[in-house]
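Visitor: Sharing a structure, written as structure tokens. Questions coming.
The values are calculated or read from the model by the stated rules, or taken from the named source; none is laboratory data. The model shown is predicted, which means the values in this text are computed figures rather than measured ones. Reconstructed Cβ throughout: ideal geometry from the backbone, glycine too, with neighbour counts over all protein chains shown. Calculation scope for accessible area: heavy atoms of the full protein, side chains included, ligands and nucleic acids excluded. Shrake-Rupley method; radii C 1.70, N 1.55, O 1.52, S 1.80 Å.
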Amino acid sequence: MKALLIVLIFATLAFIFFVYQKERDIRKALAALVLFAMVGGFGVLGMIVRPMVIVFWVHTALVIASWLSLLWYIFKGKYFLAIHLSPLATLLFYLLSTFLFGSGGLDLA
């Protein structure tokens, strides 16, 4: 699984490089690199969400959707801000619920 993740990271960077070589659009290449760093950052920050399994799976699905949206931006040039920022919503939900209810979850007993 880790090998697949590493291959996907290098493949995405290669896609960015080859599309830049083809189109010679430095703005699009830099924007794609920033979006790639943002998706990677959301993926790494997602490890803090692991105690809440349901939120972790939703966060993982949203990171995958954000990465696919990055690929869509690289190849088609269409940018979807809501999809790119959706993993941030799960992180904020986790932080808010931890602040309100504590790290042990909601215990009404």
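Visitor: So what are the ³J(HN,Hα) numbers for the stretch 79-87, from phi and the Karplus equation (6.51, -1.76, 1.60; θ = phi - 60°), rounded to whole Hz, Gly and Pro as x?
Guide: Result, rounded to whole Hz: 10, 10, 5, 4, 5, 5, 8, 4, x.
Visitor: Right, next: Roughly speaking, to the nearest percent, how much of the stretch 16-109's 1.4 Å accessible area is carbon and sulfur? Intermediate results must be reported in sequence, preceding the final value.
Guide: On the way: 4750 of 6330 Å².
Ligands and nucleic acids excluded, carbon and sulfur reach 75 percent.
Visitor: In Å², what does the accessible area per residue of the chain work out to with a 1.4 Å probe? The partial results should precede the final answer.
Guide: Values: 7610 Å² over 109 residues.
Dividing the accessible area of the chain by its residue count gives 70 Å².
Visitor: Enumerate the calculated ³J(HN,Hα) couplings along the stretch 3-20 in order (Karplus 6.51 cos²θ - 1.76 cosθ + 1.60, θ = phi - 60°), each rounded to whole Hz, writing x wherever the residue is Gly or Pro.
Guide: Per-residue couplings from phi come out as 5, 5, 5, 5, 5, 5, 5, 5, 5, 5, 5, 5, 4, 4, 5, 5, 5, 5 Hz.
Visitor: If packing is taken as the average count of other Cβ atoms within 10 Å, what order do 59-72, 76-89 fall into, highest mean first?
Guide: 59-72, 76-89
Visitor: With θ set to phi - 60°, apply the Karplus curve 6.51 cos²θ - 1.76 cosθ + 1.60 along the stretch 44-51 and write out the HN-Hα couplings as whole Hz, x wherever there is a Gly or Pro.
Guide: 5, 5, x, 5, 6, 8, 3, x
Visitor: Which value in deg cm²/dmol, rounded to the nearest 500, describes the helix-derived mean residue ellipticity at 222 nm for the chain, given -39,500 (n - 2.57) per DSSP H run of n ≥ 4 and division by the residue count? Intermediate values should be presented prior to the final figure.
Guide: On the way: 4 runs with 87 residues, N = 109.
Result for the chain, helices only: -28000 deg cm²/dmol.
Visitor: Still on this structure, please answer the following. Kirkwood Rh, Cα Rg: Rg to Rh for the chain? Each step should come with its number before you reach the end.
Guide: On the way: Rg = 16.5 Å, Rh = 15.2 Å.
We get a ratio of 1.09 for the chain.
Visitor: Sorted by accessible area with a 1.4 angstrom probe, largest first, how do 7, 55 fall?
Guide: Numbers: 7 90, 55 20 Å².
Order by accessible area, largest first: 7, 55.
Visitor: Between residue 23 and residue 78, what is the label-point separation in nm under the 7 Å Cα-to-beta-carbon projection?
Guide: Here the modelled spin labels are 1.4 nm apart.
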